[in-house]
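First comes the structure, then the notes that go with it.
The values are calculated or read from the model by the stated rules, or taken from the named source; none is laboratory data. Computed from a predicted structure; not experimentally measured. Quick reminder, even Gly has a Cβ in these numbers, built from the backbone with ideal geometry, and neighbours come from all protein chains shown.
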Amino acid sequence: MPLKIELKPHECIIIGEALITNDNERTRFYIDGNVPILREKFILREKDANTPSKRVYFIVQQMYLSKDVAELQKMYIDFVRDLQKAAPSLIPYTAAITDNILRGDYYNAIKCAGTLVQKEAEAFGEALHLNG
């Protein structure tokens, strides 16, 4: 069964390796196939990856969208190691991300990385958001 996507005016979505931006009207379409899809609310742009947890999120996002994750996994390990040294209280959240990565479930790894970003914000008192 195809996935039904509805986009608000000017909303973005990544399908495979393409960033698609909707026009002025609400749009509905169906996707049939196995391709990575990220709605705008889950997209973190590189320039906005300005905290340790957001850098982890961005790398996990790139793994989800990439066909070759070997180099990204090395970067992920470095980012997580640095984050765990700086904030050991976040280790359970990075562990959940790593478990999903090891299973090849990058979509759920992104969800766990979103939780990590929220927990970092709670721990350090900042209002962090994925999109800015």
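Rundown of residues vs (1) of a type in the set (Phe, Trp, Tyr); (2) touching a residue at least 12 places away in the same chain (Cβ under 8 Å), yes/no style:
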{"site": "Lys4", "(1), (2)": "no, yes"}
{"site": "Gly16", "(1), (2)": "no, yes"}
{"site": "Phe29", "(1), (2)": "yes, yes"}
{"site": "Lys41", "(1), (2)": "no, yes"}
{"site": "Asp48", "(1), (2)": "no, yes"}
{"site": "Gln61", "(1), (2)": "no, yes"}
{"site": "Gln84", "(1), (2)": "no, no"}
{"site": "Ile91", "(1), (2)": "no, no"}
{"site": "Ala109", "(1), (2)": "no, yes"}
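Looking at the range 54-96 only, could you name the residues that are small (Gly, Ala, Ser) and modelled with pLDDT under 95?
Matches in the range 54-96: Ser66, Ala70, Ala86, Ala87, Ser89.
Using the structure shown, decide if Val80 is of a type in the set (Val, Ile, Thr), in contact (Cβ under 8 Å) with a residue 24 or more places away in the chain and surrounded by 13 or more Cβ atoms within 10 Å (Cβ to Cβ).
Criteria met by Val80.
Go through the range 34-55 and report how many residues are under 16 Å from Ala87 (Cβ atoms) and not in a loop (DSSP other than H, G, I, E, B).
4
Can you tell me which residue in the range 2-43 is surrounded by the fewest Cβ atoms within 10 Å (Cβ to Cβ), limited to those that are among the hydroxyl-bearing types (Ser, Thr, Tyr) and over 21 Å from Ile110 (Cβ atoms)?
Tyr30
Does at least one position in the range 90-100 carry a residue that is of a type in the set (S, T, N, Q), under 25 Å from Cys12 (Cα atoms), more than 11 Å from the chain's Cα centre (by Cα) and not assigned by TED's automatic domain parsing to the domain that holds Ile14?
No: zero hits.
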